[in-house]
Amino acid sequence: MSIIYLDNSATSWPKPREVTKAMKSFMEYPGSNSSRGSHRMSIESGRMVYECREKIALLFGQADPTKVIFTSNATEAVNTVLYGVLGENQHIVTTSLEHNAVMRPLNHLRSLGKLEYSVVRASEKGEIDPNDFKKSISKRTKMFVVNHCSNVIGSLTPVEEIGYIAKENGILFLVDAAQSAGEFQIDLKKMNIDFLALTGHKMLYGPMGTGALVLGDNVDEIRPLKRGGTGSSSSEETQPDFLPDRLESGTLNAVGIAGLLAGIDWILNIGQEKIYSTIKKKFLKFMELLEDTHTIEIFRSYSIENQSGTFSIRIKNRAVSDVGRILDEKYGIMSRVGLHCSPSCHKTIGTYPHGTVRISPSYFTEEEEIHRTVKALDEIAKGIENA
């Protein structure tokens, strides 16, 4: 039985061949610690890492590559901002669609008495009114924190409009782009983003264990999440105060960065517009076929223009865990079931506490796989999967 992989919102698979080739090649040579030596292998590794910084900066509209900070994932990038920027007695505004990568650190900081936060509630279709952010501003409001794309229903947040409100009111703006980076065009300046959190292993088509925090031009002060060796200012026992070293301690995941660079080069070569339109066509094919079944409840954005390729479904009188298990064991279809690390979103769309079956195609998903998946879901809905 051939595998149909529809869990790309967790981790994209398969990767472009260039990604695995680049990682294998790096391990063979230079395979050395970047920026930790003056020999040719270390220098070559450092060049590759800097090239990846440049490509990330290019992709997201940051002219200065030193404002690209490598992290292990978007979660680390978000934590770096929340723990590195926020002070005492400050107020944050976020949304009811957020991932636990945002909600858990916010709740931890609130439990310590360091901040309060307000939640802008989205509609069941993922609609967020930017004016609700304006209404939530107080004298203590320091930052807006939003995800660009819901990892549950694929709805897009009006980031540019919210960024404009943030800039008008002197408020910092953190965007979690774990689900959108690579699929959608993001421009820090146009969207007035101060902090952009990225993960490499989703729609940037890189490996797990890679990510980045891209800083806006107006960001100056940010405390390191960790401190240690940077390969620079080694005579000093205090953390360097310049970027990116201030925020990058310890050995970088250079082999992962080599794969991430190859993934970004692949995106730049194919073109983001083509990637977006290709994934959108696959989403639309899913919608066309699923809506004909009349047996499957679909959770998605209110409009096609505000939708990624990701969506969720639920089958009446069937536990989502059973649906996911049957898809895997009988049909070879890989999906994701449950709350998807976003209980707040599921409360918003009315699927808490059991969650949904999430379907997330990628650029590489074939139309024949879409037909097979919808047929499988229809059989499960009709109770004939064992026939």
Seminar exercise, completed: What helix-only [θ] at 222 nm does the chain give? Using -39500 (n - 2.57) per DSSP H run of at least 4, over all residues, to the nearest 500, the answer is -12000 deg cm²/dmol
Exercise. Per residue, how much accessible area does region 179-266 have with a 1.4 Å probe, in Å²?
Worked result: 39
Problem set entry | Nearest 10 degrees, 0 to 90: helix 254-270 Cα axis against the chain principal axis | 60
For this session: Beta carbons within 10 angstrom, averaged per residue: use that to sort the peptides 337-343, 10-16, highest first.
Result: 337-343, 10-16
Exercise. Aspartates and glutamates near K330 by alpha-carbon distance under 13 Å, same-chain residues fewer than 8 away left out - which ones?
Worked result: D322, E379, E385
Seminar exercise, completed: In degrees rounded to 10, the 0-90 angle between helix 100-111 Cα long axis and the longest Cα principal axis of the chain is 60
Problem set entry | Per residue accessible area in Å² of region 72-177, where ligands, DNA and RNA are left out and the probe is 1.4 Å | 39
Seminar exercise, completed: Sorted list, accessible surface of protein heavy atoms, 1.4 Å probe, largest first, for R336, R223 is R223, R336
Seminar exercise, completed: Per principal axis, largest first, the Cα atoms of region 237-285 extend in Å by 58, 19, 17
Exercise. Angle between the Cα long axis of helix 159-168 and the longest principal axis of the chain, 0 to 90 degrees, nearest 10?
Worked result: 40
Exercise. Given the alpha-carbon gyration tensor of region 47-106, what are the semi-axes of its equivalent ellipsoid in whole angstrom, ordered largest first, with each equal to the square root of 5 times an eigenvalue?
Worked result: 27, 13, 11
Problem set entry | Spatial separation of Cα centroids for region 128-166 and region 305-340, in angstrom | 28
For this session: Classify region 237-346 as rounded, prolate or oblate, taking a ≥ b ≥ c as the square roots of the eigenvalues of its Cα gyration tensor: rounded when a/c is under 1.5, otherwise prolate if a/b is larger than b/c and oblate if not.
Result: prolate
Exercise. Ordered by packing density, taken as the mean number of other Cβ atoms within 10 Å over each peptide's residues, highest first, how do 92-98, 351-357, 235-241, 132-138 rank?
Worked result: 92-98, 351-357, 132-138, 235-241
Problem set entry | 20 Å Cα-Cα threshold exceeded, pairs from K67/K226; K125/K280; K282/K375; K21/K281; K285/K375; K202/K274 | K21/K281
Exercise. What whole number of Å gives the distance from the Cα centroid of region 1-41 to the Cα centroid of region 42-110?
Worked result: 21
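Please arrange L284, L86 by accessible surface area, largest first, computed with a 1.4 Å probe and ligands excluded.
Largest accessible area first, the list is L284, L86.
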For this session: Can you send over the carbon and sulfur percentage of the accessible area for the chain, probe radius 1.4 Å, protein chains only?
Result: 49
Seminar exercise, completed: Straight-line reach check, K142, cutoff 17 Å on alpha carbons, 8 or more apart in-chain or any other chain, hits among lysines -> K114, K134, K167
Problem set entry | I270 accessible area, assembled protein chains, probe 1.4 Å, Å² | 50
Seminar exercise, completed: The orientation-averaged projected area of the Cα convex hull of region 206-257, in nm², is 4.3
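Once you order the gyration tensor axes a ≥ b ≥ c over the Cα atoms, which shape class does the chain get: rounded for a/c under 1.5, otherwise prolate or oblate by comparing a/b with b/c?
Here the chain falls in the oblate category.
The values are calculated or read from the model by the stated rules, or taken from the named source; none is laboratory data. Please read these numbers as outputs of a predicted model, since none were measured by experiment. Please note: Cβ atoms are built from the backbone with ideal geometry, for glycine as well, and neighbour counts cover all protein chains shown. For accessibility, only protein heavy atoms count, side chains too; no ligands or nucleic acids. Shrake-Rupley method; radii C 1.70, N 1.55, O 1.52, S 1.80 Å.
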